Amino acid sequence: MNRGYSSARQKLRVENVQEFVYLGSLITWDNDCSKEIKSRIGKANGAMTKLRKTWNRKESSLETELKLLNACVFSVLLYICETWTIKRRDKEAIKAFEMRCYRRRLLKIHWT
């Protein structure tokens with residue numbers, strides 16, 4: 001009894017690509033994580049922007065804002081970070097983003 005399954009084997013063609021997105025993470029052929037880290041910083045920055053109204057509220061305590069930062073922003077930034085091969089430049093970019101989050105949003109320190 002044939003239930004819609006083909007008895008002949010289907011030939012699948014597998015294509016080699018330089019990079020692709022898998023489960024929200026950028027995978028490259030040479031395992032260079034710099035693009036992935038830049039992408040994650042951009043996504044985390046977007047999460048920070050979406051919380052702008054929350055950061056500007058006077059009744060929010062610093063403790064609450066830190067918890068939001070960890071839960072909503074740094075979790076986006078560090079998603080699947082255990083698979084990254086980090087270079088010095090990438091580490092500095094992550095640190096710079098972290099400091100920018102603390103300075104601008106939580107402590108409201110601006111350079112101007």
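Things worth noting here:
- Chain lengthening between Tyr102 and Ser75 when straightened (0.36 nm per residue, less Cα-Cα): 8.2 nm
- On Cα atoms only, tilt of 34-50 relative to the major axis of the chain in degrees: 50
- Using a cutoff of 8 angstrom between alpha carbon atoms and counting only pairs six or more residues apart, the relative contact order for the chain works out to 26 percent.
- If the chain linking Ile86 and Lys67 were pulled fully straight, counting 0.36 nm for each residue of separation and taking away their Cα-Cα distance, it would gain 4.3 nm.
- Across the alpha-carbon set of the stretch 31-106, the Rg to Rh ratio works out to 1.01, Rh being the Kirkwood radius.
- Sorted fewest first by neighbouring Cβ atoms within 10 angstrom, Cys101, Cys33 come out as Cys101, Cys33.
Read-outs throughout are calculated quantities, based only on the coordinates presented, and are distinct from any laboratory measurement. The structure presented is a predicted model; accordingly, all values stated were derived computationally and were not measured. Glycine gets a Cβ as well: all are built from the backbone with ideal geometry, and neighbour counts include every protein chain shown.
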